[in-house]
């Protein structure tokens, strides 16, 4: 059996961004979306201020590893005129939409009415068009596909999301939805279920970064949560979706592949958490940016080919 930790190699200088690196006082900086913009790696980071309210801020790097330059002002603040953003905006995922030639940012808007999925569009990461809520509460962990998905006679934008049902014991699963215009969503269906019992992903699951298109299918990195007597543990697994019809799960890992083990992942505002929201691929090389214990940002590198090879071996038992 392969050593799981070898597939994701932590950067030696982790955490790469800490609260004390921010140009203004904050409590935490974590859960960043990631993309390439103007030849640089751009992170859109969740920043929790000392009130406990989150906003989004930007850091850029020429190599995506070192020399991070953090913008002096927040990129996207909660809008006080929007009731759904009363308690802050959180956990962005960035997708470059080829058909529209812009970036779409899905994020969690949080208020007394519960967390829901909101959308903002941008071409320069300085000016954002807030589309607003696209899915009602309670819903989180949403990410868009970079290309439209063909369905019968038309093509649609695809969205992975994670609603939480009110019914006790129903589980929080990964769903798919489709839209003609990024605003109206339908065709909702479960594609990956949280498992039951003692599994590492038995309590709830959710998408990490946006799905990555590969020659084998859409590669998905997702988090799974297991409740223990000492609290929850957030770990990560892999899935592969059919390239033409991502409703079809080709493979899903039975074992977790990335888990909190370093001190900065084990101890923080929320202990025992690795929570990736962004990744950047350059050929076979993959850089994964993740929140560590809800306090700081970590970087892990991997090879796409190795992840798919491991998934093909570990995911033979297709347990939904």
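Each residue in region 38-67 was checked for being farther than 20 Å from residue 102 by Cβ and outside any strand (DSSP E or B), and 11 of them qualify.
Go through region 68-98 and report how many residues are closer than 19 Å to residue 298 by Cβ and in a loop (DSSP other than H, G, I, E, B). Write out each step before concluding.
Taking region 68-98 and keeping what is closer than 19 Å to residue 298 by Cβ, we get 68-70, 90-94.
Add one more test, that the residue is in a loop (DSSP other than H, G, I, E, B), and what stays is 68.
Within region 68-98, residues that are closer than 19 Å to residue 298 by Cβ and in a loop (DSSP other than H, G, I, E, B) number 1.
Evaluation of residue 137 against the conditions (1) under 21 Å from residue 34 (Cα atoms); (2) in contact with a strand residue (DSSP E or B) (Cβ under 6 Å, 6 or more places away or on another chain); (3) outside any strand (DSSP E or B) shows that the sole unmet condition is (1). When residue 218 is tested against (1) out of contact with any helix residue (DSSP H, G or I) (no Cβ under 8 Å at 6 or more places or on another chain); (2) surrounded by fewer than 20 Cβ atoms within 10 Å (Cβ to Cβ), exactly one condition is not met: (2).
Of all the criteria given as (1) at pLDDT 95 or above; (2) in a helix (DSSP H, G or I); (3) in contact with a strand residue (DSSP E or B) (Cβ under 9 Å, 6 or more places away or on another chain), the one not satisfied by residue 5 is (1).
Condition test on residue 31, is it under 25 Å from residue 222 (Cα atoms), within 22 Å of the chain's Cα centre (by Cα) and at pLDDT 95 or above? Spelling it out, residue 31 is indeed under 25 Å from residue 222 (Cα atoms), within 22 Å of the chain's Cα centre (by Cα) and at pLDDT 95 or above. The conditions are (1) closer than 19 Å to residue 286 by Cβ; (2) outside any strand (DSSP E or B); (3) in contact (Cβ under 8 Å) with a residue 12 or more places away in the chain, and residue 12 fails exactly one of them. Which is it? Just one mismatch for residue 12, condition (3). If you scan region 25-39, which residues turn out to be farther than 19 Å from residue 106 by Cα and either buried (at least 17 other Cβ atoms within 10 Å of the Cβ) or touching a helix residue (DSSP H, G or I) at 6+ places or on another chain (Cβ under 7 Å) (or both)? 26, 27, 28, listed by residue number.
Of all residues in region 160-201, those that are under 18 Å from the mean Cα position of the chain (by Cα) and in a loop (DSSP other than H, G, I, E, B) total 5.
Scanning for something in contact with a helix residue (DSSP H, G or I) (Cβ under 6 Å, 6 or more places away or on another chain) and farther than 21 Å from residue 251 by Cβ, does region 127-139 turn up at least one residue? Walk me through it before giving the result.
Within region 127-139, the first condition is being in contact with a helix residue (DSSP H, G or I) (Cβ under 6 Å, 6 or more places away or on another chain), and the residues that meet it are 133.
Next cut, farther than 21 Å from residue 251 by Cβ only: 133.
Yes, some residue in region 127-139 is in contact with a helix residue (DSSP H, G or I) (Cβ under 6 Å, 6 or more places away or on another chain) and farther than 21 Å from residue 251 by Cβ.
Going by what's in this entry, would residue 269 be described as touching a residue at least 24 places away in the same chain (Cβ under 8 Å), over 29 Å from residue 37 (Cα atoms) and touching a strand residue (DSSP E or B) at 6+ places or on another chain (Cβ under 8 Å)? Yes; evaluated as a whole, the condition is true for this residue.
Taking the stated definitions as given, is residue 124 in a loop (DSSP other than H, G, I, E, B), closer than 24 Å to residue 294 by Cβ and either at pLDDT below 95 or more than 20 Å from the chain's Cα centre (by Cα) (or both)? First the steps, then the outcome.
On the way: in a loop (DSSP other than H, G, I, E, B): yes; closer than 24 Å to residue 294 by Cβ: no; either at pLDDT below 95 or more than 20 Å from the chain's Cα centre (by Cα) (or both): yes.
It is false that residue 124 is in a loop (DSSP other than H, G, I, E, B), closer than 24 Å to residue 294 by Cβ and either at pLDDT below 95 or more than 20 Å from the chain's Cα centre (by Cα) (or both).
The values are calculated or read from the model by the stated rules, or taken from the named source; none is laboratory data. None of these values were measured; they are calculated from a predicted model. Cβ: placed from backbone, ideal geometry, glycine included. Neighbour counts: every protein chain shown.
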